[in-house]
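Beneath this line is the structure, given in structure tokens, with notes to follow.
What follows is calculated from the coordinates using simple rules that are stated; it is not laboratory data. These numbers were taken from a predicted model, which means no experiment stands behind them. Please note: Cβ atoms are built from the backbone with ideal geometry, for glycine as well, and neighbour counts cover all protein chains shown.
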There are 2 protein chains.
Amino acid sequence: MMKILLIEDNINIGESLKESLEKNGYELIVKTSLSLARKYLEFTKPNLIILDISLPDGNGFDFFKNVIKKINIPTIILTAFDSEEDIVNGLNMGADDYLTKPFSIKELIARINKILKINKNIIKVKDITYDFDKMMVYKNSLPLSLTPLELQLLNLLFLNLNHVVSRSMILDTIWNLTGNDVDDHTVTVYFNRLKKKLDSDIIKTLKGIGYRIDEE
Amino acid sequence: MMKILLIEDNINIGESLKESLEKNGYELIVKTSLSLARKYLEFTKPNLIILDISLPDGNGFDFFKNVIKKINIPTIILTAFDSEEDIVNGLNMGADDYLTKPFSIKELIARINKILKINKNIIKVKDITYDFDKMMVYKNSLPLSLTPLELQLLNLLFLNLNHVVSRSMILDTIWNLTGNDVDDHTVTVYFNRLKKKLDSDIIKTLKGIGYRIDEE
DNA sequence: TTTTTTTGTAACTTAATTGTAACTTTAGAA
DNA sequence: TTCTAAAGTTACAATTAAGTTACAAAAAAA
């Protein structure tokens, strides 16, 4: 069962949400302060967090930045802070959604459903499909057999979709080598093996800079 | 460059959005009716659609279900229909977000960014677009091919937007050379190659001082 | 063990990038 | 206006980065 953690000091909201969410198949845990929430998060990982901003022992924005971001749990900010600045700030911080009070429970549930369904663990670029969970690569739906290192390389590129990955970054993360005093020719050879196996031009070389895969 | 299609018959909204979105590195195409939008979508695939609901030739919800869902393009519904039922309906249909009018442009952009997973690392000056993530330069949305050094130079200029970059600064950061005892003529040659490739007057020469790119 | 696969290195090829030199133009000072 | 230093332009040879191929060492599988 999907667990949702509500961090909110207004007990009424907790009460009414609990019932509605449970009807929709969710389990709701309510914590009325940041310290209680922090304690809870030490030994449990909910699937989603609904976070109020003004709480008795601190500010929700800070909590989001310092605690939630690090454990990487989808979060909806739910607050009376309805200024444009707060909303934009919350969204740009990385919150998955931002709802202002008073709010519609049905809308909240619709937005929760949307976030929890967006578990986009499969990426398709041209004829290549990459499955993050399974660490599998398909070309036109047929599985490709890559060596462990090739897979790691490809994974790194897909994790950095639309971003250039430099050779030094690659050497650092895949080979745990630093600096440029290492034979980075190995990288070249690997990329060419990978490119040959994929037989697709999704990997772009940026001479002197690195490699990149672009979303379509 | 990311293309956003706005389907909206109120021309004022289109006008004001166009400017703000372009500042954020997006290209906005406006269609004032569903039939025009359908025609456009026949041969172009935008990265995102912003959809109004009440349109001269039909209902946006239907259009979303029958047309957009099939071609699978992220969509934000932007409408005056602010009833709980409409919002929930829109979200449950599969819209990626639902904003009600009147709306904040900044919030809309934050929500667009979130959907397109972009952290605004794109700068546009005149017809030149610079993408920090991809390390790519576009002229009128078409990619330009620059050499590594040319790219580094341009990067330096964009990092110092509105500020002069002196030749000694350039020699120092790009060539790792200090002082002025080096042949700084190389810099001149590079800037001219760069200027020629950009074929745009965004790079300003300040004789005896350096070079500069200005924001518009 | 043997066999197969994976990995790292080396040597070579190719194409693009880079630095320099020689010459021309321009902007601003006198 | 002329003069001069700075910047623009062009061309070319040297250099370099990436692509390619081949192969032996190391690791994993049979």
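What translational diffusion coefficient, in µm²/s and rounded to a whole number, does the Stokes-Einstein relation yield for segment A:122-213 at 20 °C and a viscosity of 1.002 mPa s, taking the hydrodynamic radius as the Kirkwood radius over Cα pairs?
Numbers: Rh = 13.4 Å.
Answer, rounded: 160 µm²/s.
HN-Hα J couplings of segment A:74-89 from phi, Karplus 6.51/-1.76/1.60, θ = phi - 60°, integer Hz, Gly and Pro as x?
Once θ is set to phi - 60°, the couplings for segment A:74-89 become x, 9, 10, 8, 10, 8, 7, 5, 10, 6, 3, 4, 5, 4, 4, 4 Hz.
In nm, to one decimal, how far is the B:LEU36 label point from the B:PHE103 one, both placed 7 Å along Cα→Cβ?
1.8 nm
Trypsin sites (Lys or Arg not before Pro), restricted to segment A:129-175: which are DSSP loop and have at most 13 other Cβ atoms within 10 Å?
Hits after loop and neighbour filter: A:LYS134.
Shortest first, in nm, what separates the label point of B:HIS185 from those of the same position in the other copies (7 Å along Cα→Cβ)?
Result for B:HIS185, in nm, nearest copy first: 3.5.
Go ahead and collect, in residue order, the members of segment B:153-176 whose backbone nitrogen is under 18 Å from a label point 7 Å along the Cα-Cβ direction of B:THR205.
B:153-154, B:157, B:164-171
Would you give the gap between the C-alpha center of segment B:75-119 and the C-alpha center of segment A:19-51, rounded to a whole Å?
26 Å
Once you order the gyration tensor axes a ≥ b ≥ c over the Cα atoms, which shape class does segment A:1-119 get: rounded for a/c under 1.5, otherwise prolate or oblate by comparing a/b with b/c? Walk me through the numbers on the way to the answer.
Numbers: a/c = 1.23, a/b = 1.11, b/c = 1.11.
The shape class here is rounded.
Working from Cα positions, state the angle (0 to 90°, nearest 10) between the long axis of helix B:105-116 and the longest principal axis of chain B.
Roughly 80 degrees between the two axes.
Mind giving me the FRET efficiency for A:ASN92 and B:ASN72? R0 is 25 Å, r the Cβ-Cβ distance, nearest 0.05 is fine.
0.45
Report the FRET efficiency, 1/(1 + (r/R0)^6), for B:ILE115 and B:HIS185, where r is their Cβ-Cβ distance and R0 is 35 Å, rounded to 0.05. Each step should come with its number before you reach the end.
On the way: r = 48 Å, r/R0 = 1.37.
Approximately 0.15, to the nearest 0.05.
If each of A:SER83 and B:THR173 carries a label point 7 Å out from its Cα toward its Cβ, how far apart are those two points in nm?
About 3.4 nm, to one decimal.
Of all DSSP beta bridges in segment B:3-89, what percent run antiparallel (nearest 5)? Walk me through the intermediate numbers first.
Working: 2 of 14 bridges.
Here the antiparallel bridges make up roughly 15 percent for segment B:3-89.
Using Cα atoms only, what is the angle between the long axis of helix B:34-43 and the major principal axis of chain B, expressed in degrees (0 to 90) to the nearest 10?
Rounded to the nearest ten degrees, it is 50.
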